Amino acid sequence: MAASRQVDLLEPIDLAEHLGKVELYLGQVCQIAGISKMQLDYWTNKAQIPTKGRKQRIYDIDALETVMLIKQAKDKGLNLGAAIDAARRFREQGPTAPRPEESV
C-alpha cells in the first residue's frame, strides 16, 4: 500500500474524549501547574483533592483542573482558603460566558 493511501485511512483523533483516562503523578501535576511538590501536597490535603494510589499519589484530569484553578486564583491574589472555595464553586457552576472586556 502506498504511503499516501495509508495516510488517507487515518482520521483526526479527539483527545478530549480520552482525557478521563489520563492519570498523572505528583511531579507531572507540579510541572503542568507550575507549583512545587510541597505546595501540591499541602493543597491536596487542604482542598481534599481526591487522588489514587497508595505509595504515590496519582491525579486524574479533574484533580489537575482543580489544582490549576487554585493556582489561577492564588495568582490573582486570593489566599489559599478563598482560592480553594473559588475553584470549588467554579467547578460546581461550570464556566460562564466571558465578560465583554474578556472577549476579543
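The values are calculated or read from the model by the stated rules, or taken from the named source; none is laboratory data. All values derive from a computational prediction rather than experimental measurement. Cβ: placed from backbone, ideal geometry, glycine included. Neighbour counts: every protein chain shown.
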Point to revise | Residue count, segment 13-36 (criterion: touching a strand residue (DSSP E or B) at 6+ places or on another chain (Cβ under 8 Å) and closer than 16 Å to I70 by Cβ) | key: 4
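Give me a count of the residues in segment 11-34 that are assigned to a loop (DSSP other than H, G, I, E, B) and either hydroxyl-bearing (S, T, Y) or touching a helix residue (DSSP H, G or I) at 6+ places or on another chain (Cβ under 6 Å) (or both).
First, the residues of segment 11-34 that are assigned to a loop (DSSP other than H, G, I, E, B): 11-14, 22, 34.
Still in the list and also either hydroxyl-bearing (S, T, Y) or touching a helix residue (DSSP H, G or I) at 6+ places or on another chain (Cβ under 6 Å) (or both): 22.
Residues meeting the conditions: 1.
Just to be sure I understand, how many residues within segment 63-76 are touching a residue at least 24 places away in the same chain (Cβ under 8 Å) and either in contact with a Cys (Cβ under 8 Å, 6 or more places away or on another chain) or not basic (K, R) (or both)?
If we filter segment 63-76 for residues that are touching a residue at least 24 places away in the same chain (Cβ under 8 Å), which is where we start, we get 63-68, 70-71.
Going one step further and asking which of them are either in contact with a Cys (Cβ under 8 Å, 6 or more places away or on another chain) or not basic (K, R) (or both), we end up with 63-68, 70.
The number of residues fulfilling the criteria is 7.
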Exercise for review: Answer with yes or no whether D85 is acidic (D, E) and modelled with pLDDT of 95 or more.
Suggested key: yes
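If the requirement is being out of contact with any Ser or Thr (no Cβ under 6 Å at 6 or more places or on another chain), crowded, with 16+ Cβ neighbours inside 10 Å and either β-branched (V, I, T) or at pLDDT 95 or above (or both), which of these qualifies: V67, V22?
Numbers: V22 fails: crowded, with 16+ Cβ neighbours inside 10 Å.
Sole residue among the options that is out of contact with any Ser or Thr (no Cβ under 6 Å at 6 or more places or on another chain), crowded, with 16+ Cβ neighbours inside 10 Å and either β-branched (V, I, T) or at pLDDT 95 or above (or both): V67.
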Review point. Any idea which residue in segment 42-56 is nearest to H18 (Cα to Cα), counting only those that are surrounded by 13 or more Cβ atoms within 10 Å (Cβ to Cβ) and under 15 Å from the mean Cα position of the chain (by Cα)?
Key: T51
Exercise for review: Of the conditions (1) surrounded by 10 or more Cβ atoms within 10 Å (Cβ to Cβ); (2) modelled with pLDDT under 95; (3) out of contact with any strand residue (DSSP E or B) (no Cβ under 9 Å at 6 or more places or on another chain); (4) among the polar types (S, T, N, Q), Q39 clears all except one; give me its number.
Suggested key: (2)
